[in-house]
Amino acid sequence: MGGSGDDGRPVLVALRALKLGDLLVAVPALHALRRAYPHHRLLYAAPGWLEDAVALVGGFELLPNQGLDEPLALTPGVVDVAVNLHGRGPQSQRRIAALRAKHVISHAPDLGSGPIDAASFDAGPAWVEGIHERERWTRLLQWHGIDADPQDLHLSAPVVPTTQPGATIVHVGAAYGSRLWPAERFAEVSGRLRQAGHTVVFTGSETERGRALEVAAAAGIQADAVLAGRQLLREFAALIADARLVISADTGAAHLASAYGRPSVVLFGPVTPAEWGPPPGPHIVLTKAELRRGDAFARDPDPALLGVAVHDVLDAVRDLGRL
């Protein structure tokens, strides 16, 4: 029957084929969908490596999808509710339209960006520039009559214990060069924190392990403190959930700190914290907005990020009561 899965439950699929931070800012919307559709099978379409993080949202199964270049692995007509949490452009709208869902939750199609089957879409709100991502997606659901709170961003407790309870996490990596705070500054901050009694560990992806080792060596900290590239995502989440402090650029690490309410210092460069920053809580944002160039895909650090000095980070740590 159209709209039902193999187990007889109606199917809801939410498309957001992006990275960890993108998932975490969508958590309030996902929680709202879970409450609104308690009898549906809930699928989250995103890259397969996010499976551990999707499990922490609660109620959703990962539907592996590597991006908008490939169709979702669902038979047209099997989906009851399709939710576009990816964007408003023609690529994501086409992927949603191809599902032939009974109901669609989406922004109004961006018809000026290319042809799509607009008849496949219910009405939706207009896209608004400049609002926070958590608000963007909860606003979408509210327009469609679903109660949603942008501050409902917390994750379930990690499924594994951390091997480094109470560590101070220095996350040295970022997806693009525009967000990479200089390694020597990370090293100076890390060395000062170690001298103050912090157990400092360094995180990042496998490709960022070399950078993490460089930072650790410059800080005078042994290489066994470098966890970059050596943790599963579930272990990374557990590490942050029990952290004393998190220092990171605007990355998934910072969003995990927000989700678990851990004190954090978040360094912003090309994007504005008004759209991607942490919620109220033990989090301090550092940036030099007047210097922002705003090229998120640049290879070199944004001037707004370079404007943040070592003493700014240490002052923020002190303001959080962690120094």
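Which value, in debye to the nearest 20, gives the size of the charge dipole of the chain about its Cα centre, when Lys and Arg are +1 and Asp and Glu are -1 at the Cβ?
That gives the chain a dipole magnitude of about 220 debye.
Could you sort 7-13, 159-165 so that the peptide with the highest average Cβ count within 10 Å comes first and the rest follow in order?
7-13, 159-165
Tell me the label-point distance for the pair Thr163, Arg230, using the 7 Å Cα-to-Cβ offset, in nm and rounded to one decimal.
0.7 nm
Among Ser178, Leu227, Tyr37, whose Cα projects farthest towards the positive end of the dipole of the chain, with charges put on the beta-carbon of Lys, Arg (+1) and Asp, Glu (-1)?
After comparing all options, I get Leu227.
Going toward the positive end of the dipole of the stretch 11-143, with +1 on Lys and Arg Cβ and -1 on Asp and Glu Cβ, which of Gly77, Gln66, Ile96 do you reach last?
Gly77
Would you calculate the convex hull of the Cα atoms in the chain and tell me its volume per residue in Å³?
Values: hull volume 41.4 nm³, N = 323.
In the chain, the Cα convex hull volume per residue is 128 Å³.
Antiparallel as a % of all DSSP beta bridges within the chain, to the nearest 5?
Among the beta bridges of the chain, antiparallel pairing accounts for roughly 5 percent.
About the Cα centre, and with charges only on the beta carbon of Lys, Arg (+1) and Asp, Glu (-1), how big is the dipole of the stretch 168-319? Nearest 20 debye, please.
180 debye
Pairing the Cα long axis of helix 133-143 with the longest principal axis of the chain, what angle in degrees results, from 0 to 90 and rounded to the nearest 10?
20 degrees
What translational D, rounded to a whole number of µm²/s, comes out for the stretch 168-319 from Stokes-Einstein when the hydrodynamic radius is the Kirkwood one over Cα pairs, at 25 °C and 0.890 mPa s?
Result for D is 163 µm²/s.
Quick note: the coordinates plus some simple rules give every number you see, no bench work behind them. Here the structure is a predicted model, which is why all the values come from computation and not from measurement. Quick reminder, even Gly has a Cβ in these numbers, built from the backbone with ideal geometry, and neighbours come from all protein chains shown.
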